[in-house]
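Since every read-out is calculated from the coordinates, none of them should be taken as a lab result. Since we're looking at a predicted model, the values are computed, not measured. Because the Cβ atoms are built from the backbone with ideal geometry, glycine has one as well, and the counts that use them run over all protein chains shown.
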Amino acid sequence: MKPQKIPHLLAAAGLIACAQSSHAMEWSNNSISTRVGNTFAEPGIAGASIKKNIYSFTHVSGDKLGRNLVVADVLVSGDNDPSAGGGGGAQEFYGVYRRTFSLTKVTGKDMSFGPVKDVNFVGRADFQTKNTRFAPRSRKNMGGLSFEFAVPKGFVESGIYAFSETNHNGILGKDVSYDTTYQLDTSWMIPFNIGTPAQWRGSFVHTGAKGKDAFNVDTAAETRLFTSVMFEVGNKTGLHMGLGYELWRNKYGNDANKTIGAKQNTVQLIAEYHF
């Protein structure tokens with residue numbers, strides 16, 4: 001994947017998002033963003049803090065039944081995470097489609113109870129590919145229930161899902177289908193104002209161990225936290241800038257106690273434009 005292809009990939013993601021959500025769409029928000037950090041890690045790469053530039057397109061929309069989320073990320077690594085063909089760092093594409101059905105909207109009955117304002121059925125599909133020697137091609141599917149909490153501003157949502165994954169191991173030249181496991185997540189966005197509008201955002205995802213990998217090694221439960229504080233630049237310009245932090249333990253299910261590079265801590269600079 002050449003860097004010049006990035007705009008085309010993000011544009012294609014935008015067209016897919018519009019097609020997915022055009023039916024009875026009640027609201028929508030689109031954004032493009034760039035993130036950069038210098039201390040990324042990759043399993044199997046020893047003693048290296050990897051620089052990555054991440055280019056993203058995100059689409060969120062709502063209709064009479066629930067919400068759509070489309071995310072397309074292009075990740076460009078530094079030279080110490082090399083591409084299989086040489087000539088620089090690896091390039092990765094990661095895409096997400098997440099569909100949420102509000103049980104309140106679907107059934108016409110109030111599903112709120114206690115601190116919960118709605119219950120959702122959620123389905124999600126992830127697609128990933130990267131041009132390294134390992135040549136991963138992960139396909140992830142999940143489905144389950146999420147619970148939206150009543151908060152004064154913004155949103156907080158937690159869910160529990162069944163999770164399955166297949167992938168490719170280019171070193172061995174074989175595919176692997178992992179055991180079905182569980183996934184727990186919480187996501188949030190809390191607006192605040194300290195002289196300029198700002199938001200505290202984040203997501204926490206925990207995925208259970210998924211059996212043996214292609215090397216016949218036991219996988220480990222995986223935990224990932226991403227949180228950011230974003231500030232609006234100017235008055236309703238659509239531009240936001242801020243800082244993010246990502247913590248990842250047992251990355252991709254690799255046991256960090258046994259695999260070099262399976263533990264990641266990185267601070268990221270973020271610029272984002274909404275339209």
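Numbers at a glance
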item	result
Over 21 Å between alpha carbons, listed pairs LYS210/LYS258; LYS153/LYS251; LYS64/LYS140; LYS109/LYS153; LYS117/LYS153	LYS153/LYS251; LYS64/LYS140; LYS109/LYS153
At 1.002 mPa s and 20 °C, Stokes D of region 103-238 from Kirkwood alpha-carbon radius, µm² per second	121 µm²/s
Computed [θ] at 222 nm, helices only, for the chain once each DSSP H run of length n ≥ 4 contributes -39500 (n - 2.57)	-2500 deg cm²/dmol
Cα-Cα pairs of region 170-275 separated by more than 21 Å (percent)	51 percent
Cα pair distances in region 33-144, grouped into 5 Å bins until the bin that holds the longest one, percent each	2, 10, 16, 17, 14, 11, 9, 8, 7, 4, 2, 0
For region 97-174, Kirkwood radius (reciprocal of mean inverse C-alpha pair distance, Å)	14.8 Å
3J(HN,Hα) from dihedral phi, region 110-116, Karplus parametrisation 6.51/-1.76/1.60, rounded to Hz, x for glycine, proline	5, 9, 6, 7, x, x, 8
Rg/Rh (Cα only; Kirkwood hydrodynamic radius) as it applies to the chain	0.96
Spherically averaged projected area in nm², based on the convex hull that wraps the Cα atoms of region 188-234	4.7 nm²
Coarse-grained scattering of region 146-214 at q = 0.24, 0.26 Å⁻¹, given as base-10 log I(q)/I(0) from a Debye sum over alpha-carbon atoms	-1.00, -1.08
Trypsin sites (Lys or Arg not before Pro) within region 178-275: DSSP coil, no more than 15 neighbouring Cβ in 10 Å	LYS236, LYS258
Beta bridges per DSSP with both ends in region 214-272, % antiparallel, nearest 5	100 percent
